[in-house]
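The values are calculated or read from the model by the stated rules, or taken from the named source; none is laboratory data. Remember, predicted model here, so these are calculated numbers, not experimental data. Don't worry about glycine lacking a Cβ; one is built from the backbone with ideal geometry, like all the others, and counts go over all protein chains shown. Remember, those area values only see protein heavy atoms, side chains included, never the ligands or the DNA or RNA. Shrake-Rupley method; radii C 1.70, N 1.55, O 1.52, S 1.80 Å.
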Amino acid sequence: QVQLVESGGGLVQAGGSLRLSCAASGRTFNNYYMGWFRQAPGKEREFVAAISRSGGITYYADSVKGRFTISRDNAKNTVYLQMNSLKPEDTALYYCAAGFPTIATRASAYDNWGQGTQVTVSS
């Protein structure tokens, strides 16, 4: 088990940037794949980005490709999501997840979740 705490959300204008952080407890952080997911009101939770244990492999949803960058610092037990060129449709509660997924883009494949951080993009 690993505990996850997200931070860095907020209100930003369209075109702006935010950097989300997810701090993990425990000494086995580098054993986990890490993912970011988001959920907008009335919608299902959707995949945003994921990163392998070493950080050498990354995955992105088509909707964020070229605008968002996922990274991790295993020495700090932290995963990041740099979000640039934000759009109103990026507004959602963003969740960090850790696990050993067979499919990195599938939410059900992750075992550990944070409480989420709200991102609101105004037009």
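Couple of notes before you dig in:
- One residue alone among Ser85, Ser63, Ser123, Ser25 is under 24 Å from Gln1 (Cβ atoms), among the small types (Gly, Ala, Ser) and out of contact with any strand residue (DSSP E or B) (no Cβ under 6 Å at 6 or more places or on another chain), and that residue is Ser25.
- Residues located in segment 44-56, provided they are of a type outside the set (S, T, N, Q), outside any strand (DSSP E or B) and touching a residue at least 12 places away in the same chain (Cβ under 8 Å): Arg45, Arg53, Gly55
- Number of positions in segment 102-119 that are without any contact (Cβ under 8 Å) to a residue 12 or more places away in the chain, open to solvent by 90 Å² or more (accessible area, probe 1.4 Å) and part of a loop (DSSP other than H, G, I, E, B): 1
- Residue within segment 1-9 that is aliphatic (A, V, I, L, M) and open to solvent by 20 Å² or more (accessible area, probe 1.4 Å) present: yes
- Qualifying residue in segment 69-77 (condition: assigned to a strand (DSSP E or B), farther than 19 Å from Gln115 by Cα and open to solvent by 60 Å² or more (accessible area, probe 1.4 Å)): yes
- When the residues of segment 34-43 are filtered to those that are open to solvent by 20 Å² or more (accessible area, probe 1.4 Å) and touching a strand residue (DSSP E or B) at 6+ places or on another chain (Cβ under 6 Å), the one that is farthest from Asp73 (Cα to Cα) is Ala40.
- Selected residue (criterion: farthest from Gly114 (Cα to Cα)) from residues of segment 22-32 that are open to solvent by 30 Å² or more (accessible area, probe 1.4 Å) and hydroxyl-bearing (Ser, Thr, Tyr): Thr28
- Test result for Val64, free of Cβ contacts under 8 Å to residues at least 60 places away in the same chain and assigned to a strand (DSSP E or B): no
- Of the residues making up segment 44-60, those that are more than 11 Å from the chain's Cα centre (by Cα), among the small types (Gly, Ala, Ser) and surrounded by 15 or more Cβ atoms within 10 Å (Cβ to Cβ) number 1.
- Residue in segment 90-103 that is modelled with the lowest pLDDT, counting only those that are over 12 Å from the mean Cα position of the chain (by Cα) and over 21 Å from Gly26 (Cα atoms): Thr102
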